[in-house]
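The structure appears right after this line, and notes come after that.
The values are calculated or read from the model by the stated rules, or taken from the named source; none is laboratory data. Note that this is a predicted model, so its numbers are computed, not measured. Every residue, glycine as well, gets a Cβ built from its backbone with ideal geometry; the counts of neighbours run over all protein chains shown.
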């Protein structure tokens, strides 16, 4: 399984981003080995609308099985659930630390929104 982590930059040392659909990157990791597979630029980060569902489609096209993020809105949750991509929240400060937390089963699996519609338009710190 591939795990995608919402991030502000490329790589395992990248700072995580609390936003799912509008994060600048998804760092894709093999959670078993902890090794980075790829860093995917999110073309939806600045889109006018539909960033969550479009980002879910992007991850589905890359064969992602789970995503670790801070918050996810209702449309993104619907699209991720339809694509059978598991959603985890409770990310840490860096991608690497988030992967460690995932391996320790300390992230929270969700199937409902954790944010309202359009909440990703505001940059959360």
Q: Filter region 74-107 for residues that are out of contact with any strand residue (DSSP E or B) (no Cβ under 9 Å at 6 or more places or on another chain) and without any contact (Cβ under 8 Å) to a residue 60 or more places away in the chain and give the result.
A: 74, 75, 78, 79, 82, 83, 84, 104, 105, 106
Q: Name every residue in region 92-118 that is assigned to a loop (DSSP other than H, G, I, E, B) and buried (at least 17 other Cβ atoms within 10 Å of the Cβ), in order of residue number.
A: 92, 107, 113, 114, 115
**Q.** Flag for residue 87 being part of a loop (DSSP other than H, G, I, E, B), within 24 Å of residue 14 (Cα to Cα), under 12 Å from the mean Cα position of the chain (by Cα) and at pLDDT 95 or above
**A.** no
